[in-house]
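Taking it in order: structure first as C-alpha cells, then the write-up.
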Amino acid sequence: MDGVSFDVRPAELFGLLGPNGSGKTTLFRILSTLMVPNAGRALVVGRDTAKEPACVRRQIGVVFQAQSVDQKLTAYENLWHQGHLYGLRGAALQRRITEILARVGLADRVKELVETFSGGMARRVELAKGLLHNPTVLLLDEPTTGLDPGARRDLWAYLKVLRDEERISVLVTTHLMEEAERCDRLAILNEGKLVALGTPLELRQEIGGDVILLEAIGDPMALAERIQSRYNVAASVLGRHVRFEMENGHRVITTVVEAFPGEIQAVSVSKPTLEDVFIHRTGHRFWNQANAEALNSER
Amino acid sequence: MATQTASLPTHTSSESAGIVLPAFTLWWRELVRFYRQRTRVIGVIASPLVFWAVLGSGFGTSFRAGDAAGQQHYLDYFYPGALIMIVLFTSIFTMMSVIEDRKEGFLLSVMVAPVPRSAIVLGKVLGGTTLAAAQGLIFLIFAPFIGIHFGFTTFLLVVLVVFLVSFALTALGFAIAWPMDSTSAFHAIINLFLIPLWLLSGALFPLSGASGWIRGLMHINPLTYGVEGLRNLLFPETPGLSPLSSSIATLVLFSLFMFGLAFFMANRRTTKPAA
C-alpha cells in the first residue's frame, strides 16, 4: 500500500473499488484491526487501529467475505455467542437478538441451524452479527460474493437503510462496478495505490465527454498514434482496441471512420463508466486477462 | 494494550466485555459444537471402551505372569498410562478446531471483537479440557474391574490430576495449532511430539528400569508427573517415585507454562496478512 489516504464521513456509504490484488483486503484488515500497518495509520472514530485496537473494535461491526457464522449453531445461538463477545448479556441481549433477526428478515428461522440456510440467509445472519452491538461503523468485505441478484439487491437496499435510519457509516469493498455506482463516495485502488476518490458522478464527469473505442484491423499502435495527432487527444491501446475520450462522440465517430477507411473493424461510443475512470487513471483495463478468467469461473 | 477506561459517547455498551463472559461463551460453543457432531460424541464415549476391551483381553492372557513393575500385574501398571494416553490424544486433537475456526472464518469474527486474547485462549482451551477430562473420567469406570477402589476424596484428586493434564496438553495443542493453516501439518507435528511424550512418561515402562539418559528425559517430561500422580492415587500401597503433592505442583506449573505459551502465540500481532 502506498499513499492511500481518505476519510469516511458519518452516515456515508463509502465504497472501496479495485481489482483483485489491488490492496482492498489489506486495507480492510488494517481497518478491522487484524493487521498493523508497516507505516502510516488508520483512525476509526478518532482511534488508531494499531494503538487502541480495543477501542476501535467496540466501534466497528465487521462482515467478512468468508463466512464467519458457525454452521453448527442456530441463528439465535450465533448471535447469543456474538453478543457475549461484546459484553452484552441477559434479557437485553435477548431483546436485541430478536430485534436484529427481525430486521434482517429471519424472525421465523431463529431456532434453526445455520447449516440449513441458503447463502443469502447465512449472509443475513452475518450482517446481524456485525450489527448486533450497534456499531458506529460497519465494514463489509465483498459482501455480495456468492449471492444471487435478488439477494444482492436486498443487501444493498438494507445498507442504505442503515445509513439513512441508523446513521451508520458503511464501508464496502467491491470489485463490481455496478455496486460501486451505488455508493455515496468511492475510493478506487490499483496495485496498492489510490487512483481516484470522489462521488461516482464526479469521477465519471472528470472524463471529457464520451468514450470512443475502435477495434483496429491492422496495428492498433499505429492507429492510436495517428488518432492522437489528428484529434489532439490522448489515445490508449487496449489489446486490439484504441480508446480515447472526446465530447460529442456520436459526431466524432463518423469522421473517424471516414478518415481511416479499411483500418477499423468496429466502433463504439459510450457515456463514461467507472471502468473508464479506472482506465483513464491507470492506463489499463480494470480486468486484465487473468482476472477476467477468474471472474468468469467464479460465476 | 491500551487501557479501556475511555468511554465513547456515541456508543451504548462501551464497558469492556471482560474475560469471563467471552471465555464462557467460547467454552459453551466448543461443547455445543461437540454435542451436535454425533460422530465425535460416539468417538469420545466409545474409544475408551474399545481401547480397554482390546487391551484388557489381550494383556489378560499374554502377560499373566508379567511382573514388569515389581509385584504389580502389568495391566494394573498400565492402567494410569492408558488413561493419560486417552486424555493426551483427545486434548491435543480438540485444538484442531482452532485451525477449522480459522479456515471457516469464525476466528476472524472473534478477533475483531473487543475481547482480550487471553479470553480466546482460555475459552477454547477450557472447552477442549472439558472434553478430554470427561473422556479420561469415563475410563475410570473400568477401575473396579482391575480391583481398584477409591473413596470420594481420592476421586476428587484424580479429577484434579486429569484436569491439569488435560488443560496443559490442550494449551499445548492450542499453541501448536494457532499459527497453522492446515490440519495435515498439525497431524504431522503432533505425531512428532505426542508419541515420544507419552512413551517417556512412565506409562509403558517404569522409570526405574530405564537407562540413564532415557531416565533423564523421563524426569523432565511433565507427563511423567501426570502418570505418577494417578499411580499414586490409584495404587497407594505401591511406593511411588515422588509424593502426590510434588506431582500436582509440577502439573500446575506445566499448565501455567503451557497456557502462557498459548497466550504468547495468540497475542502476537502481525503486519503480515496471516489471520
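All of the numbers you see were taken from the coordinates with simple rules; none came from a lab. All figures in this text were calculated on a predicted structure; none of them were measured in a lab. Please note: Cβ atoms are built from the backbone with ideal geometry, for glycine as well, and neighbour counts cover all protein chains shown.
For this structure, a couple of remarks:
- Overall form of the protein assembly as shown per C-alpha gyration tensor (a/c, 1.5; a/b vs b/c): prolate
- Within the listed set A:THR173, A:THR136, A:THR116, the Gaussian network model of chain A (springs between alpha-carbon atoms below 10 Å) gives the highest mean-square fluctuation for A:THR116.
- In this label model, B:LEU256 and A:ALA157 are separated by 6.0 nm, measuring between points 7 Å along each Cα→Cβ vector.
- Across peptide B:25-37, the mean count of Cβ atoms from other chains lying within 10 Å of each residue's own Cβ comes to 3.
- Neighbourhood charge, 15 Å Cβ-Cβ cut-off, centred on B:LEU223 and excluding it, Lys, Arg +1 and Asp, Glu -1: +1
- Computed helical MRE - 222 nm, chain B, DSSP H runs ≥ 4 contributing -39500 (n - 2.57), nearest 500: -23000 deg cm²/dmol
- Most mobile of B:PHE152, B:PHE106, B:PHE24 in a GNM of chain B (Cα contacts under 10 Å): B:PHE152
- Averaged over the residues of A:49-59, the number of partner chain Cβ atoms lying within 10 Å of the residue Cβ comes to 5.
- Helix A:90-103 and the long axis of chain A differ in direction by around 30°, with both axes built from C-alpha atoms.
- The mean count of C-beta atoms from other chains within 10 Å of the C-beta of residues in B:107-120, rounded to a whole number, is 6.
- Gain on full stretching of the segment that runs from A:MET221 to A:THR255 - 0.36 nm per residue minus C-alpha separation: 10.3 nm
- Estimated inter-spin distance, A:ALA92 and B:THR238, nm [label 7 Å along Cα→Cβ]: 5.6 nm
- Counting neighbouring beta carbons within 10 Å and listing from fewest to most, the residues B:LEU234, A:LEU189 come out as B:LEU234, A:LEU189.
- Options A:THR33, A:VAL114, A:GLY90, ranked by Cα towards positive dipole end of region A:25-126, top entry (Cβ charges): A:THR33
- In a fully extended conformation the segment linking A:LYS51 and A:LEU238 would gain 62.9 nm over its present Cα-Cα distance, using 0.36 nm per residue.
- Computed about the Cα centre, the dipole magnitude for chain B is approximately 580 debye when only Lys and Arg (+1) and Asp and Glu (-1) carry charge, each at its Cβ.
- Label-point gap, in nm, between B:ARG38 and B:LEU160 - each point 7 angstrom along Cα→Cβ: 4.0 nm
- Links that overshoot a 24 Å alpha carbon limit, given the list A:LYS24/B:LYS124; B:LYS103/B:LYS124; A:LYS24/A:LYS160; A:LYS72/A:LYS129; A:LYS24/B:LYS103; A:LYS24/A:LYS111: A:LYS24/B:LYS124; A:LYS24/A:LYS111
- For chain B, built as a Gaussian network whose Cα springs stay under 10 Å, the top-fluctuating residue of B:LEU107, B:LEU223, B:LEU200: B:LEU107
- Of A:VAL62, A:GLY3, B:ILE176, farthest towards positive along the dipole that unit charges on Lys, Arg, Asp, Glu beta carbons give the protein assembly as shown: B:ILE176
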